[in-house]
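The structure under discussion appears below in the form of C-alpha cells.
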Amino acid sequence: MKLGIARSVLCLSIVLCSCSGGPSLELCSDQNPCREGMACNPQQQCVPVDPLEIVTEFLPSAKAGAPFEATLMAQGGLTPYHWRMESPYPWLSLDAETGVLRGTPTGVSAVQPITVTVTDGSYGSGRSRTRQLALAVVECQSTETVPCFVGDGSACRGGVRLCVEGTWTDCASSVPSADLEHCGPDCAACPALRADRCLDGACSCAGGPVCPEAKACCESGCADLDISTQHCGGCGNDCAARAQHATGVFCDGGRCDYEECEPGYLDCDGDRENGCEQEQDAAHCGGCAESCLGRFQNVDGVECLVTDGGPVCGFRACRNGFLDCDGNPDNGCEQTFDDQHCGGCRNDCTTNASNRACVGHFGTGNAHCGCANAGHCQSGAEQCCGETCSPLMDDAHCGSCELDCAVQGLRCVSPEPGQLGCGCLGNADCAGGICCGFACRPQDEDNCGGCNRSCGIGFGGPHCDISAGECYCQDDGECRDFVGSFATCGTSAEGSRCACGPSDACQGGAASQCCRFQTAPGVYRYECLDTASNPAGCGRCGVLCRKVDGTLGMCDQGRCYYGGEYGKCPKSSPAPHTIAGQASGYCVCATFGAGDGACPEGRYCCDGTDGGFGGPEGGPDRGCCVKICGQNVPGDCIFQ
C-alpha cells in the first residue's frame, strides 16, 4: 500500500514537471511539512532556505536617565520576521515588526537577562528561534566627563568627574570656580541681582563684595534701584538719557521723573519717564492741544515761534498770489494780486501811463505791471506785446508784435505816413552799405559815397573805393579809353580825351565833364557836358533840373532855375530853408542832398532846430519831411 502512495506522488510530480516545463516544487502543509533545509512559503511550496537564527549577541549598556535604543538582527528562514520579548525592565519596549528595543531607564541596575524570540514568515505558525541577552543600566558612558564643584570652606573649586566602567569617579577639583551657579564656600548659586560674577570661587559684584539685600549689582557696582538716576528701577536704566529735553531729572521709587521741560518742548504722552518728547511745532504751540494749523488764510510755512513772551503762532510767507496788506498777522494774507496790488501792497498799476494791468503767473508769485491788451497801453503810440507795452516803432515790435527788425539788424522806419516797416535810418544800419530812402543799398559804382552817386570818368573814374566812398580809375589808359574808344568823350575834335577826376574836363569843344547816363538796366552811355549850363547835369553829373510837369528847367552857373511861372521856390518848402540864391531865383534846401536843390513837391525843408524825431537815427527833423517841421517821426524825412 505504501508503495502505491509513493508511486502516486511520483507520478503527480512527473505530471507537474511536464506541464510546467521546469523543475517541480514540492507542496507542503501542516500535515505534509518540508524536509530539512527547506521551508514552506505562503504559497505552500517548499523552497530552500538558510537556518533561522538570531545574530545579535550583545546589547550596549543603557544609561540611567538617557534614551536607550538597539536593533535586534536575525537571518535565515523566510521574511518577514516577528519579534517578542520577556524582560525584567518595565521601561524597555520591543517593536515586533522592526526588532528595535527602546526606552529610558530611570535608575542604575546590574546586568539582567532578557529573552527575545524571532518567528519567520513560513506557512502556518512559522519557525521560531529564542536567545537570551544581557542588559545593564549604568551611571555613565566610558568616554564621558562632567564638570564638578567642591567647596573648601571659603571658596568653591571646579574640576571634572570621569566615567570608569559605567560609574562616576570623585570630583578632581583644581581651579577656583567662575560659575555663578556654583560659587562660594558651599558651591551654591550666587544671590540673584546682587552679584554679577564668581571671582576666585567667591560671589562678587564688579570685583567687590556681594551687594546688600537693599541694592542690586549693576555694571558700575552696587546701586539703589529706587533712587539711582543711572540705574532707576533696573540696571542701565539711565534717567538722564531716557528723560529727553527735561531739566532736574531724578529717580523716585524706581521710576524716572523730572522737574520741568526745556524751552520749546512739551510732555504730551503723559509718560514722565521719557521726559518731554514733543517738540513745539505748528500743531503743538504753547500746549499739547494748542494748534496753529488752520488759523491763517493763504499762507505757507505755518510755524510756532519761541519768543521772550512765550510761543506764538506765525507763518513764513504768503502763498503765491496773496499779500498781507492790512498789517494784521492773525488773519494771514487776505489780499489777492490785482491791478492795484500787483506783487506788492503798494504796487498800483492803474496809476501808470502805460502797463496799467497786473500780469504774470500768480501761482508762482510772478506778477508785474504790464498789459493784457492794447487798452492797457498809450493809445496810438504803443501796442501790447508779450504782456508788456511796446512803442509802435520799437525795433523788436515794428508796427506789430511779430515783426522784429532788430533780429535782422535793421530799424523800425516809416517810409510813408501810417506805414511802418523794417529799414534803415542811416548808413550805420547798413553794415558797410548806405541808407537810401530807408533801404540799405550796397556801396558800388552806382552809389559810391552817397545814394545815386554814380562813378564815371567825370567823377574820378569808373570804380568805387568802398572804404573811402570815392570814385577812382586804375590808370590813365583806362580813363582815356573807357569802354574801348574815344567815343566816351562824344564827337569832339580829334585828339580829345577823358582824364581822371571831376576837375579835368573833356578836351575839345565846350564840354567840361564826362557824365554817364543809364539807357537801360545795366546799360550806360557817356557824354561830355557843360555842367555850368546843361540842365541834364547842372553843377555836376546827375543833377537834373526837372520841373513839376516833367520837363527840364534852366541851368545857370551850375544851379537850376525854374522860371517865373513856378515862383521863386516851391510852396511846400517855405523860407528860410530854401532861400539860398533867392535873388537869382534858385530854390535849394541846404539840409537836403548836396544842398543845391529844392525839396520835392509836398515836402517841408527842416534844418533840425524845431524838434521832432524824423532826423537821422531818430533825431530832430532834418531834410525834406512829410509833416511840418517838429511833428515828424522816424521815417518821415529824407536826406539824400
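Values for this structure:
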quantity	calculated
Failed criterion for Leu425 (all others in (1) at pLDDT below 90; (2) in a loop (DSSP other than H, G, I, E, B); (3) out of contact with any helix residue (DSSP H, G or I) (no Cβ under 8 Å at 6 or more places or on another chain) hold)	(3)
Complete set of residues in region 603-632 that are in contact with a Pro (Cβ under 9 Å, 6 or more places away or on another chain) and of a type in the set (A, V, I, L, M, F, W, C)	Cys605, Cys606, Phe613, Cys624, Val626, Cys629
Matching residues, region 405-464, being among the aromatic types (Phe, Trp, Tyr) and either on the phi > 0 side of the Ramachandran plot or without any contact (Cβ under 8 Å) to a residue 12 or more places away in the chain (or both)	Phe438
Residue in region 443-462 that is touching a strand residue (DSSP E or B) at 6+ places or on another chain (Cβ under 8 Å), β-branched (Val, Ile, Thr), buried (at least 16 other Cβ atoms within 10 Å of the Cβ) and modelled with pLDDT under 80 present	yes
Matching residues, region 600-630, being under 60 Å from the mean Cα position of the chain (by Cα) and either buried (at least 17 other Cβ atoms within 10 Å of the Cβ) or at positive phi (or both)	Gly611, Gly612, Phe613, Gly614, Gly615, Pro616, Glu617, Gly618, Pro620, Asp621
Residue that is buried (at least 18 other Cβ atoms within 10 Å of the Cβ) and either at pLDDT below 90 or not in a loop (DSSP other than H, G, I, E, B) (or both), where the choices are Gly286, Gly314	Gly314
Odd one out for Asp330, checked against (1) of a type in the set (D, E, K, R); (2) in a loop (DSSP other than H, G, I, E, B); (3) more than 30 Å from Glu387 (Cβ to Cβ)	(2)
Tally, over region 102-111, of residues that are at pLDDT below 95, in a strand (DSSP E or B) and surrounded by 13 or more Cβ atoms within 10 Å (Cβ to Cβ)	1
Residues being in contact with a strand residue (DSSP E or B) (Cβ under 9 Å, 6 or more places away or on another chain), surrounded by fewer than 18 Cβ atoms within 10 Å (Cβ to Cβ) and either polar (S, T, N, Q) or not in a strand (DSSP E or B) (or both) - total across region 152-165	3
Residue among Ala178, Ala155 that alone is within 28 Å of Cys217 (Cβ to Cβ), in the same structural domain as Arg197 (by TED's automatic domain parsing) and in contact with a Leu (Cβ under 8 Å, 6 or more places away or on another chain)	Ala178
Subset tally (residues that are without any contact (Cβ under 8 Å) to a residue 24 or more places away in the chain and either part of a strand (DSSP E or B) or closer than 24 Å to Gly159 by Cα (or both)) for region 193-209	9
Residue in region 373-381 that is within 16 Å of Gly635 (Cα to Cα), in contact with an Asp or Glu (Cβ under 8 Å, 6 or more places away or on another chain) and loosely packed, with under 14 Cβ neighbours inside 10 Å present	no
One residue from Val359, Val306, Val299 being among the β-branched types (Val, Ile, Thr), within 30 Å of Arg242 (Cα to Cα) and either surrounded by 16 or more Cβ atoms within 10 Å (Cβ to Cβ) or touching a residue at least 24 places away in the same chain (Cβ under 8 Å) (or both)	Val306
Among (1) closer than 20 Å to Lys63 by Cβ; (2) outside any loop (DSSP other than H, G, I, E, B) - the single one Gln132 does not satisfy	(1)
Odd one out for Thr350 among (1) out of contact with any strand residue (DSSP E or B) (no Cβ under 8 Å at 6 or more places or on another chain); (2) among the hydroxyl-bearing types (Ser, Thr, Tyr); (3) loosely packed, with under 13 Cβ neighbours inside 10 Å	(3)
Some residue of region 20-28 being part of a helix (DSSP H, G or I), modelled with pLDDT under 95 and more than 60 Å from the chain's Cα centre (by Cα)	yes
Within region 348-413, strands (runs of 3 or more DSSP E) holding 3 or more residues that are of a type in the set (A, V, I, L, M, F, W, C)	357-361
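Each row is one residue, and each column tells you yes or no for (1) over 26 Å from Gly623 (Cα atoms); (2) surrounded by 18 or more Cβ atoms within 10 Å (Cβ to Cβ); (3) charged (D, E, K, R).
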position: Leu392; (1), (2), (3): no, yes, no
position: Cys401; (1), (2), (3): yes, no, no
position: Asp404; (1), (2), (3): yes, no, yes
position: Arg411; (1), (2), (3): no, yes, yes
position: Pro415; (1), (2), (3): no, no, no
position: Asp429; (1), (2), (3): no, yes, yes
position: Ile434; (1), (2), (3): no, yes, no
position: Ala468; (1), (2), (3): no, no, no
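The values are calculated or read from the model by the stated rules, or taken from the named source; none is laboratory data. All of these numbers come straight from a predicted model, not from anything done at the bench. Using ideal geometry, Cβ is built from the backbone for each residue, glycine included, and neighbour counts are taken over all protein chains shown.
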